[in-house]
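Here's the structure we're looking at; comments come further down.
None of the figures in this text is laboratory data; all of them are computed from the coordinates on show. Here the structure is a predicted model, which means the values were calculated and not measured. For neighbour counting, all protein chains shown are included, and Cβ atoms are generated from backbone atoms with ideal geometry for every residue, glycine included.
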Amino acid sequence: MVLEIAVKAAVGAPDILGDCPFSQRALLTLEEKKIPYKSHLINLSDKPQWFLEVNPEGKVPVVKFDDKWVSDSDVIVGILEEKYPEPSLATPPEFASVGSKIFPSFVKFLKSKDPNDGTEQDLLEELKALDDHLKAHGPFIAGEKITAVDLSLAPKLYHLEVALAHFKNWTIPDKLTHVLNYIKLLFSRESFEKTKAAKEHIIAGWGAKGQCMNSFQIISYQNLVMYCGLAFSIRKGQERKKVEPGVCQTF
């Protein structure tokens, strides 16, 4: 059985895979489990009618399970593990939250205009914590075998690496050898190569989101292009909407 998955298309290039890390996480899981699938690239600024009919909230990724379209990468990964248990990608519970603060720390540092506000140090502390964990338990988070937590973290580390190099001329310090080795292991996997967005689309995506990241300020509805993954609210008149973790969407 071939599963159907809808993922984000690149901004300005609707026929090319886009820069949503949650879409990539779902695709990575399908690839690692060797599950046949058909992908639909969704232009989030001009969503097709069929997509809105099956998914009125317009979120990606969504996967079709038993004639029902399911959103949120956390939920999708859980269903895939249940329905396709081999090979297992289940993460031991004690390791499930490892690295979970890296992505929000990265976003805060990326949007920061003040070099002394502590956001760089916060990110370095989170990366150091990951390095220490990998030193004790690596090469992957749960040991020798890749699991779901690695597939969640890999796209976020890719965004971190690409966006910070471009916008801040910043790279992960050489002394964090275990993190750097971990990144090499993840990025060299065939599944990652097949599902990653091109660097130029990562850069374009974060560039387009630049205004909405400024201190998570309330901004005009028209200027918000898209924001992936961190929960925050915007105002449109008196209406408030919230972005959920694990999805990419527009408003």
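Each peptide in 56-62, 89-95 was scored by the mean count of other Cβ atoms within 10 Å over its residues; highest first, the order is 56-62, 89-95.
For the stretch 3-83, the Kirkwood hydrodynamic radius from C-alpha pairs, put into Stokes-Einstein at 4 °C and a viscosity of 1.567 mPa s, yields a diffusion coefficient of 103 µm² per second.
Taking Cβ atoms as reference points and 14 Å as the exclusive limit, the residues near ALA13 contribute a net charge of -2, counting Lys and Arg as +1 and Asp and Glu as -1. Have a look at the DSSP beta bridges in the stretch 3-83 and tell me what percent are antiparallel, nearest 5. Here the share of antiparallel DSSP bridges comes out near 60 percent. Each of LYS8, LYS199 has some number of other Cβ atoms within 10 Å of its Cβ, and from fewest to most they run LYS199, LYS8.
Put in order of Cβ neighbour count within 10 Å, fewest first, the listed residues SER39, SER45, SER71, SER23 become SER45, SER39, SER71, SER23. The residues neighbouring SER112, those whose beta-carbon lies less than 13 Å from its own, together hold a net charge of 0 under the Lys/Arg +1, Asp/Glu -1 convention. Cα centroid separation, the stretch 87-138 to the stretch 187-209: 19 Å. With 31 Å as the limit, the listed pairs LYS101/LYS175; LYS83/LYS196; LYS145/LYS194; LYS8/LYS111; LYS113/LYS135 have LYS113/LYS135 beyond it between alpha carbons. Return, ordered by residue number, the residues of the stretch 74-89 whose backbone nitrogen is under 19 Å from a label point located 7 Å along Cα→Cβ of LYS145. Label zone hits: 77-89. Taking 0.36 nm per residue of separation and subtracting the Cα-Cα distance, full extension of the segment from HIS166 to LYS47 would add 39.9 nm.
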